[in-house]
Amino acid sequence: MQKYIEKANLLIEALPYIREFSNSTVVIKYGGSAMTDDNLRHKVLEDIVLMNLLGIHVIIVHGGGKHITELSSRLGIKSEFVNGLRVTDSDTMMVTQMVLAGLINKDIVADIGIIGAKACGLSGKDGSLISAKKKQSDNGVDYGFVGEITAINTDLLNIMKTNGYISVVSPLAIDENGDSLNINADVVAARIAQEIKANKIIYLTDVDGLFMDKNDSQTLISSIDIEKCTKLKKDGIIDGGMIPKIDACIKALESGVEKVHIINGTIEHAIILEMFTDSGIGTEIVK
């Protein structure tokens, strides 16, 4: 009997959070091991379906870097990264579109349907959801078909929201010439959250959050604001692939998003633990 009472207490602990977040909008950036491990993948999507059933409007923006790198390697295409961004030539762009808009996006949509919710897969090219321009060369680095977002057309997302669908967005875009562009998924998640005035962004990663010292698990930062994030970046504590993520988070927070959460997607039901428990498990970033 005691174990059932404990389960009931957990539900009661979640009650104020369910009340607070019902009818809110949450953007989830889905990537890392939580996408490649079948068990973790199922747990993440169960969390998202539960949120949907509780009246939370969820938009998923997924990555797929590991899948792109793997297929590129099999095709003899070298992967190159600069400042956390994938340098994308025409061959890499072709692979990127195949993996993101085809394989990954449709598998997520199908799995959500099996678990018990309605989902619709969209790429940034659908309905001009994401318009972009080519990213300018940086210190002599030509990123190729990597884009910078110029506009988000939220009409499709609002239609999905009104009809109870979970939107599953792949981070592709189209420029004024009709060329496909690869956009960093962290940036897409933050910009969509900014444009639809989401309450939260949740980033699923392979680490517990932000650390003062990456080599010391005891230095996890549970809560941080924009000013401290900027300082950590300047000091080199925030570096590599975390830089575009943090820059995008700061812009979203400055535009009205209430909180950003960076959590470890390798922990089972990490989203539910972060959203519906008193302690949470990762790093929250606030304005």
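The values are calculated or read from the model by the stated rules, or taken from the named source; none is laboratory data. The shown structure was predicted, so the numbers you read here are calculated from the model rather than taken from an experiment. So basically every Cβ, Gly included, is an ideal-geometry build from the backbone, and we count neighbours across all protein chains shown.
Output the number of the condition that L220 fails; it satisfies all remaining conditions of (1) within 26 Å of T25 (Cα to Cα); (2) in contact with a Gly (Cβ under 8 Å, 6 or more places away or on another chain); (3) surrounded by fewer than 24 Cβ atoms within 10 Å (Cβ to Cβ).
L220 satisfies every listed condition except (1).
Take the residues of region 247-266 that are in contact with a helix residue (DSSP H, G or I) (Cβ under 7 Å, 6 or more places away or on another chain) and closer than 20 Å to A34 by Cα: which is surrounded by the fewest Cβ atoms within 10 Å (Cβ to Cβ)?
Here the residue is T266.
List pairs: first in region 219-242 and more than 16 Å from V207 (Cβ to Cβ), second in a helix (DSSP H, G or I) and aliphatic (A, V, I, L, M), Cβ under 9 Å, 6+ apart or cross-chain?
Going by the 9 Å Cβ cut-off, the qualifying pairs are D225/L253; I226/I250; I226/L253; T230/I246; T230/I250; K233/M242; K233/I243; K233/I246.
To keep it simple, each residue is scored yes or no on (1) under 20 Å from E20 (Cβ atoms); (2) over 19 Å from the mean Cα position of the chain (by Cα); (3) of a type in the set (K, R).
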| residue | (1), (2), (3) |
| --- | --- |
| Q218 | no, yes, no |
| I221 | no, yes, no |
| K228 | no, yes, yes |
| L232 | no, yes, no |
| I243 | no, no, no |
| H261 | yes, no, no |
| E268 | no, no, no |
| E274 | yes, no, no |
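Which pairs turn up if I take residues in region 164-175 that are touching a residue at least 24 places away in the same chain (Cβ under 8 Å) and look for partners that are acidic (D, E) and buried (at least 24 other Cβ atoms within 10 Å of the Cβ) with beta carbon separation below 8 Å, at least 6 apart in sequence or on another chain?
Correct list of pairs: empty, since none qualify.
Starting from residues that are of a type outside the set (A, V, I, L, M) and within 21 Å of M160 (Cβ to Cβ), keep the ones in region 40-63 and report whichever is nearest to the chain's Cα centre (by Cα).
Applying the filter and picking the extreme gives H62.
For region 142-156, give me each residue that is touching a strand residue (DSSP E or B) at 6+ places or on another chain (Cβ under 7 Å) and farther than 24 Å from H67 by Cβ.
Answer for region 142-156, where residues must be touching a strand residue (DSSP E or B) at 6+ places or on another chain (Cβ under 7 Å) and farther than 24 Å from H67 by Cβ: T150, A151, I152, L156.
Name the single residue, out of those in region 73-97 being assigned to a strand (DSSP E or B) and exposed (fewer than 15 other Cβ atoms within 10 Å of the Cβ), that is modelled with the highest pLDDT.
Among them, the one singled out is F81.
Look at A34 and say whether it is touching a strand residue (DSSP E or B) at 6+ places or on another chain (Cβ under 7 Å), part of a helix (DSSP H, G or I), under 23 Å from Y203 (Cβ atoms) and in contact (Cβ under 8 Å) with a residue 60 or more places away in the chain.
Taking the combined requirement at face value, the residue satisfies it.
Going through region 116-162 one residue at a time, which ones are of a type in the set (D, E, K, R) and under 12 Å from E195 (Cβ atoms)?
D155
What number goes with the only condition from (1) among the aliphatic types (A, V, I, L, M); (2) at pLDDT 90 or above; (3) loosely packed, with under 15 Cβ neighbours inside 10 Å; (4) closer than 23 Å to I246 by Cα that I59 does not pass?
(3)
Does K66 qualify as being in a helix (DSSP H, G or I), modelled with pLDDT under 90 and under 20 Å from the mean Cα position of the chain (by Cα)?
Here the answer is yes, as K66 does meet what is asked.
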